[in-house]
Amino acid sequence: MIPDRFAPVLAELRPIADRFEAAGHRLYLVGGTVRDLLINAGRDDFDLDLTTDARPADIKACISGWADAIWTQGERFGTIGAKLGERTYEITTFRAEMYTDDSRKPHVTYSDDIETDLARRDFTINAMALELTGGETPTLVDPHDGAADLLQRVLRTPLGPDISFSDDPLRMLRAARFVARFELTPTEALVGAVERMASRIEIVSAERIRDEFDKLMVTDHPSPGLWFLYDTGLSDRFLPELSAMRLEHDPIHRHKDVLTHTLAVVENVRPLHEQPEGCPDFDFRIVRLAA
């Protein structure tokens, strides 16, 4: 049974779902929106990610006349963007993708079923989908038990972690963000894979690493994710100063090392929603990076 809190999003998506169904295609809500709705995260400002068996040309045909704007910068990766009112949508053809040993960008191939598409996603908590076509009652598709992992606070990959991190090495850094944001415990297999494969992050562009690290730094409590980066050795590949601080003692504050003290300072830079009333607005991401 789909919780009542899904109702506003489902009502919003009904017109586009009807268009895809009329054209003989299937359409699913996927990704973080499904995850956040399941845990009742209380957000309504998210973009909506959809996936379909329709190819990009068919996606454009289905949303023509519905969207206020359509953009195609991601079309070669199977993604068509759209905007309706203030809401942004990304609609992507089912796909399977992987990086070659020295590539910074994925090689994309399309798939014909939702299960294959979900299997190639980063973590089980993001490998769930809600089918919007095929009947009045949406169906949750959860072949990798992501809902159970959310409940039990476990971070796992749908396929083996070596496969997942080989497909996109940035997922190793993204794991740190989910450890921090959702207070998840990574499996031993996941941790071991990051330790073995840390050097592979070097094929990822600096811009993608920066963007993902920024997302970690704006979680409410980033220190568990930062410790994950240090403990697995991943930070040595793009932020070696973390390990260097671990070797320096902090005699003034009586911490056994400067890293422990530094992460405590980072934690004390609280996000705006935790600041006292009347606190001036500030970019706490920048302040945390300064810390």
When you scan the range 57-71, do you find a residue that is under 30 Å from Ala148 (Cβ atoms) and either open to solvent by less than 60 Å² (accessible area, probe 1.4 Å) or not in a helix (DSSP H, G or I) (or both), even just one?
no
So Leu50 ticks every box in (1) modelled with pLDDT under 95; (2) closer than 16 Å to Ile16 by Cβ but one. Which box is left unticked?
(1)
For Glu241, are the conditions met, namely being over 26 Å from Leu155 (Cα atoms), at pLDDT 90 or above and of a type in the set (D, E, K, R)?
yes
Of these, Arg177, Arg156, which one is closer than 18 Å to Arg121 by Cα, in contact with a Leu (Cβ under 9 Å, 6 or more places away or on another chain) and open to solvent by 40 Å² or more (accessible area, probe 1.4 Å)?
Arg156
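Okay, residues lined up against (1) open to solvent by 20 Å² or more (accessible area, probe 1.4 Å); (2) more than 28 Å from Ala22 (Cα to Cα); (3) of a type in the set (Val, Ile, Thr); (4) modelled with pLDDT under 90:
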site	(1), (2), (3), (4)
Gly81	no, no, no, no
Arg95	yes, no, no, yes
Met98	yes, yes, no, yes
Asp102	yes, yes, no, yes
Ser111	no, no, no, yes
Phe123	no, yes, no, no
Ala129	no, no, no, no
Glu136	yes, no, no, yes
Pro143	yes, no, no, no
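The values are calculated or read from the model by the stated rules, or taken from the named source; none is laboratory data. Since the model is a prediction, treat every value here as computed from it, not as a measurement. No Cβ is skipped: glycine too gets one built from the backbone with ideal geometry, and neighbour counts run over all protein chains shown. For the accessible areas, the whole protein counts, side chains as well, though only heavy atoms, and no ligand, DNA or RNA atoms are used. Shrake-Rupley method; radii C 1.70, N 1.55, O 1.52, S 1.80 Å.
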